[in-house]
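Taken together, the values in this text are just the output of simple stated rules run on the coordinates, not laboratory data. Keep in mind that what you see is a predicted model, and the values were worked out from it rather than measured. For neighbour counting, all protein chains shown are included, and Cβ atoms are generated from backbone atoms with ideal geometry for every residue, glycine included.
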Amino acid sequence: MALEEVDTPALLVDLDAFESNMERMAQEASCGGVRLRPHSKTHKCAVIALRQMALGAVGVCCQKVSEAEALVRGGVGDILISNEIVDRRKLDRLAAIAQRATVAICVDNVDAVAALNDSARRFDSRIDVLVEVDVGGGRCGVGPGEPARLLAEWVASTSNLRFCGLQAYQGRAQHIRGWGERQSAVNESAAATLQTIELLSSHGLPCGVVAGGGTGTYAFEMASGIYNELQPGSYIFMDADYHDNLGEPGAATSGFKQSLFVYTQVMSRPSPNYAIVDAGLKALAFDSGMPRVNDMPDVSYSRPSDEHGILDLRTHPDSLRLGAKLRLIPGHCDPTVNLYDWYVVVRRGLVESVWPIVARGALL
């Protein structure tokens, strides 16, 4: 069917831009000599995860046990939960997954390690473990250096867990706008990570995996020579917030293409100066600001309510007829995706496929 026939609101993927983004990241990781483990919390889709792995990704990251369960059911066989899980029921489910797929998880607490090992032992599973180090994100993680060493030793002493390295993700650096400022933030993180690697190595705890990096900073982690596994997620889609990041000197943007859109329709024209569209709070995430109108860049979206958004047409009075359809660029791609059951996949104006978002709403 033609794109114009798609009902709204709908979550669109422009396949040409999407494939270009995937291929670019896969090539950069390969040329940089690092493994690519994209973050599936962005797309929550087994079809996309398998396409990423077909291009060379070693597996994917996710944040929740229920996300991991959905992806494994969809055929994904290698998953890192790049998050802390402490509830016994969730840990039991994780240990069950580890009987069917390669599973790793992050830890930052001795008690959580003991509980994880108990679940793995009950299910006769072996689970790989990364010690998460707070390298400036101010969220999860133990301190670099000695705190990380003590926790790694504890993991290594257990019966059913295997210490395999460090998770050193600098989340706060992803949206620092300036290229140089982002680079400085990652350099500080990399220095703390290297200090920790060297300390662990001197105590007989080699770090086979040193993981981190996101869409905003992966180039810096890769260039450091310290990280060997990258975890970007949003690069496949992009969003309005990531487009505000400046590229390297001489480049206005990162170079990744916008491939994710919310398709919306003009449902009311009460004034020549504005139009009402059918995509509001239930169709888009607004935590990173308003969506942008891809098809009319100088038209602004404002005043979202549950089912409505307003387009300011004072610069284009009477330009949109009732029923006209447009593509909006979400402010933040990840939570926008979580509002939909499927992607409508489009190439050059024609629908090619529909991909289920199998981990939509997977919060447990």
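Structure notes:
- Rounded tilt (10° steps) of 146-156 against the dominant C-alpha axis of the chain: 80
- Signed unit charges on C-beta, dipole axis of the chain, positive-most listed residue Ala120, Tyr340, Ser305: Ala120
- When you work out D = kT/(6 pi eta Rh) for the stretch 250-364 at 20 °C and 1.002 mPa s, using the Kirkwood radius from C-alpha pairs as Rh and the Stokes-Einstein form, the result is 140 µm²/s.
- Degrees separating the helix 88-97 axis from the principal Cα axis of the chain, which is the longest one: 90
- Residue with peak Gaussian network fluctuation, the chain [Cα springs, cutoff 10 Å], from Thr215, Thr42, Thr158: Thr158
- Helix 110-122 and the longest principal axis of the C-alpha atoms of the chain enclose an angle of approximately 90°.
- Think of the stretch 73-228 as a dipole: +1 on every Lys or Arg Cβ, -1 on every Asp or Glu Cβ, centred on the Cα centre; then among Ala104, Thr193, Ala211, Ala104 lies furthest on the positive end.
- 15 Å beta-carbon shell around Arg35, net charge (K/R +1, D/E -1): -4
- Straight-line cross-link reach from Lys325 at under 14 Å between alpha-carbon atoms covers these aspartates and glutamates, not counting any fewer than eight positions away in the same chain: Glu4, Glu5, Asp7, Asp278, Asp295.
- Shape of the stretch 158-289 from the C-alpha gyration tensor: prolate (a/c of 1.5 or more and a/b above b/c, with a ≥ b ≥ c the square roots of its eigenvalues).
- In summary, the convex hull built on the alpha carbon positions of the stretch 1-120 has an orientation-averaged projected area of 9.5 nm².
- For the stretch 146-212 and the stretch 243-322, distance of Cα centres in Å: 39
- Check: the stretch 18-237 dipole with +1 on Lys, Arg Cβ and -1 on Asp, Glu Cβ, in debye: 640
- Taking 7 Å steps out from each Cα toward its Cβ at Ala2 and Gln195 produces label points 6.2 nm apart.
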